[in-house]
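Let me begin by presenting the structure, written as structure tokens, before commenting on it.
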Amino acid sequence: MLIGRRRAIARSLLAVPALALPGLALPGLAASPARADGGQRVRIGVLRLSSSGAVFIAKSRGYFADAGLDAELVFFDAAQPIALAAASGDIDIGVSAFTTALFTLARRGALSVIAGQSREAPGYPLIGYLASTHAPAASKFYRPQDFVGHTIGITQTGSTFQDSLGLLADKYHFPLDQVRLTALQSLANVAAAVRSGTVDGALLPVTTARPLLDSGDARLLGWVGDITPWQLGAAFVSGRARANTGMITRFLTAYRRGLHEYHDVLLAAEQDGVVPVTAQTQPLLAMIAEATGQSIEQVRIGLPYVDPDGRLDLADVANQIAWNQKQGFLDRGFGLDQVIDRRFVTY
């Protein structure tokens, strides 16, 4: 039933109405150096997750201001609405995960991918496969292969969590439509369902999963990056802003400065999935903690991998498109070149 809903959602995206999403400036980061003329205004859609750490660093360090941009961060609760907001022009740039909405809207020219974001990579715990210890099926759910026949909580139909489960199904050769997926709309709702046992399991990012594991409410079955590595996210520009090559170039200059600092300081220090708090890492961890509303102790566990230059794994993105088309989630007849902007993408 959920697969049918996802196909309907993909079709409905061909007629996306204008959105009216209020801009929410990042609190506490307004002390960045500002240009005398204020810089060119750019609205950047993000989630309150560590995977957007490079954006938070670039904002806090003043890298956007240095590049001549007055950057306003607009926060969302899920990835698909970011793609919708870019398509409608309510934001100029989105930095989030690949979703059905992103691919569908890119096909119609409503947005274009310009750089990579986070990746699911071995040794970097980001999204976990969890089993609820309170569900009736708890005693029969110990391996990722055991997802068949269970009720699994995800945020939204067409989300990266569903795509991650699709990769798992391909690897272990089980039918995805034999997993009962429940779209609960937010990470908090999914966590609550795991805690209450109303779902048998879930896919959740490490920052949401860790409290469930520590309290004994969930059991870890594995990390997506260790089992099925893939290009999770990207930076993309709205169709309306795509002609503004100067703004895009300035954004990428600042964004890559943030990526390098995130990669060269935080990921370089990470050991066994945990970043030690040092004189070098503490300021960056604090920036991400403030933006995500988490403590430094939470942020330093399970920071996702990012390429320091924002390179995109083009082969994997092409595979994602083909997989979604095979499942009937996307229309056929388009491919990688309709999704990325080769003027800006590096790989």
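The values are calculated or read from the model by the stated rules, or taken from the named source; none is laboratory data. Keep in mind the model is a prediction, meaning the values are calculated, not measured. Using ideal geometry, Cβ is built from the backbone for each residue, glycine included, and neighbour counts are taken over all protein chains shown.
If the requirement is being crowded, with 16+ Cβ neighbours inside 10 Å, of a type in the set (V, I, T), modelled with pLDDT of 95 or more and closer than 28 Å to D92 by Cβ, which of these qualifies: V306, V299?
Among V306, V299, only V306 is crowded, with 16+ Cβ neighbours inside 10 Å, of a type in the set (V, I, T), modelled with pLDDT of 95 or more and closer than 28 Å to D92 by Cβ.
Would you confirm whether or not region 149-164 contains a residue that is without any contact (Cβ under 8 Å) to a residue 40 or more places away in the chain, over 14 Å from the mean Cα position of the chain (by Cα), part of a loop (DSSP other than H, G, I, E, B) and not assigned by TED's automatic domain parsing to the domain that holds G116?
If we filter region 149-164 for residues that are without any contact (Cβ under 8 Å) to a residue 40 or more places away in the chain, which is where we start, we get 149.
Going one step further and asking which of them are over 14 Å from the mean Cα position of the chain (by Cα), we end up with 149.
Going one step further and asking which of them are part of a loop (DSSP other than H, G, I, E, B), we end up with 149.
Within this subset, residues satisfying the condition of being not assigned by TED's automatic domain parsing to the domain that holds G116 are 149.
Yes, the conditions are met somewhere in region 149-164.
Tally up the residues in region 154-173 that are buried (at least 17 other Cβ atoms within 10 Å of the Cβ) and among the aromatic types (F, W, Y), please. Lay out the reasoning, then the answer.
Going residue by residue through region 154-173, those that are buried (at least 17 other Cβ atoms within 10 Å of the Cβ) are 154-169.
Imposing the further condition that a residue be among the aromatic types (F, W, Y) reduces the set to 161.
Here the count works out to 1.
Here are some residues: A254, A218. Which one is under 30 Å from F141 (Cβ atoms) and either touching a residue at least 60 places away in the same chain (Cβ under 8 Å) or touching a Leu at 6+ places or on another chain (Cβ under 8 Å) (or both)? First the steps, then the outcome.
Numbers: A254 fails: under 30 Å from F141 (Cβ atoms).
A218 is the lone residue from the list that is under 30 Å from F141 (Cβ atoms) and either touching a residue at least 60 places away in the same chain (Cβ under 8 Å) or touching a Leu at 6+ places or on another chain (Cβ under 8 Å) (or both).
Would you confirm whether any residue within region 234-246 is among the polar types (S, T, N, Q), more than 20 Å from S112 (Cβ to Cβ), out of contact with any Ser or Thr (no Cβ under 6 Å at 6 or more places or on another chain) and not assigned by TED's automatic domain parsing to the domain that holds L204?
Looking only at region 234-246, we keep the residues that are among the polar types (S, T, N, Q), and these are 238, 244-245.
Next cut, more than 20 Å from S112 (Cβ to Cβ) only: none.
No, region 234-246 contains no residue that is among the polar types (S, T, N, Q), more than 20 Å from S112 (Cβ to Cβ), out of contact with any Ser or Thr (no Cβ under 6 Å at 6 or more places or on another chain) and not assigned by TED's automatic domain parsing to the domain that holds L204.
Take region 109-140 and flag every residue that is of a type in the set (S, T, N, Q), in a loop (DSSP other than H, G, I, E, B) and either on the phi > 0 side of the Ramachandran plot or crowded, with 24+ Cβ neighbours inside 10 Å (or both). Full working, then the answer.
So in region 109-140, the residues of a type in the set (S, T, N, Q) come out as 112, 117-118, 132-133, 139.
With the extra rule that they be in a loop (DSSP other than H, G, I, E, B), the set shrinks to 117, 133.
Q117 - this is the single residue of region 109-140 that is of a type in the set (S, T, N, Q), in a loop (DSSP other than H, G, I, E, B) and either on the phi > 0 side of the Ramachandran plot or crowded, with 24+ Cβ neighbours inside 10 Å (or both).
Can you spot a residue in region 232-246 that is in contact with a helix residue (DSSP H, G or I) (Cβ under 7 Å, 6 or more places away or on another chain), assigned to a helix (DSSP H, G or I), crowded, with 17+ Cβ neighbours inside 10 Å and touching a residue at least 40 places away in the same chain (Cβ under 8 Å)?
Within region 232-246 (the criterion being in contact with a helix residue (DSSP H, G or I) (Cβ under 7 Å, 6 or more places away or on another chain), assigned to a helix (DSSP H, G or I), crowded, with 17+ Cβ neighbours inside 10 Å and touching a residue at least 40 places away in the same chain (Cβ under 8 Å)), the answer is no, since none of the residues qualifies.
Could you look through region 117-148, keep only residues that are under 15 Å from the mean Cα position of the chain (by Cα) and among the charged types (D, E, K, R), and pick out the one that is farthest from D217 (Cα to Cα)?
Pass one, region 117-148, residues under 15 Å from the mean Cα position of the chain (by Cα): 117-121, 124-128.
Now narrow it down to the ones that are among the charged types (D, E, K, R): 119-120.
Working: R119: 27, E120: 24 Å.
The selected residue is R119.
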